[in-house]
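Here's the structure we're looking at; comments come further down.
The values are calculated or read from the model by the stated rules, or taken from the named source; none is laboratory data. Everything quoted here is computed from the prediction, not taken from an experiment. Note that each Cβ is placed from the backbone with ideal geometry, even for glycine, and that neighbours are counted across all protein chains shown.
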Amino acid sequence: MFEWLAPALIALFSFGLWGFFTKLAIATIDAKSALFFQTIGVMLIGLVTFYFMHFKINLNIKGASFGLLTGFAYGIGCLFYLIAAGKGKIVTVVTLTALYPLITLLLAYYFLHESLSVKQTFGIVLALMAILFMSS
């Protein structure tokens, strides 16, 4: 029934570790070096996953283009997240950047014409208020 729950909880825990390990890395190396090693880590996970899944590439141009854009956005986001983590308090940086779903929601609303309920809109307002509370 909740097939998504276990993977979502593992992702939640992993992203929590990612935020914590970021601060440890940035304390000893610069952001660009941290991004380099993070990228190697992501590549290793990808290669192991592809090996065990007997991966065969799908060459749909549209899907591949969006996949590349996903990687570019992720890489740029990671670089600037690492820079911010090196200059600010990790609690504030993680909280602010964890609001990235708001960007996705707004893009989905305007370009994919997905709707937002009153309850979801209220949740967005609360998330924005959380940033104010966490940053002070």
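The table for this structure:
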{"quantity": "Residue match in the range 110-119 (condition: of a type outside the set (Val, Ile, Thr) and either closer than 22 Å to Ala11 by Cα or touching a residue at least 40 places away in the same chain (Cβ under 8 Å) (or both))", "calculated": "no"}
{"quantity": "Residue pairs meeting the criteria (Cβ under 6 Å; at least 6 apart or on separate chains; first under 15 Å from Ile131 (Cβ atoms), in the range 88-109; second of a type in the set (S, T, N, Q))", "calculated": "Thr92/Ser135"}
{"quantity": "Residue pairs meeting the criteria (Cβ under 6 Å; at least 6 apart or on separate chains; first in contact (Cβ under 8 Å) with a residue 60 or more places away in the chain and closer than 15 Å to Met43 by Cα, in the range 62-75; second surrounded by 12 or more Cβ atoms within 10 Å (Cβ to Cβ) and among the β-branched types (Val, Ile, Thr))", "calculated": "none"}
{"quantity": "Test result for Leu47, over 23 Å from Val91 (Cβ atoms) and modelled with pLDDT of 90 or more", "calculated": "yes"}
{"quantity": "Residues satisfying the stated conditions in the range 83-117, i.e. at pLDDT below 90 and basic (Lys, Arg)", "calculated": "Lys89"}
{"quantity": "Residue satisfying condition, being farther than 20 Å from Phe21 by Cβ, aliphatic (A, V, I, L, M) and under 19 Å from the mean Cα position of the chain (by Cα), within set Ala130, Ala84, Ala64", "calculated": "Ala130"}
{"quantity": "Residue match in the range 15-36 (condition: without any contact (Cβ under 8 Å) to a residue 40 or more places away in the chain and over 28 Å from Ile131 (Cα atoms))", "calculated": "yes"}
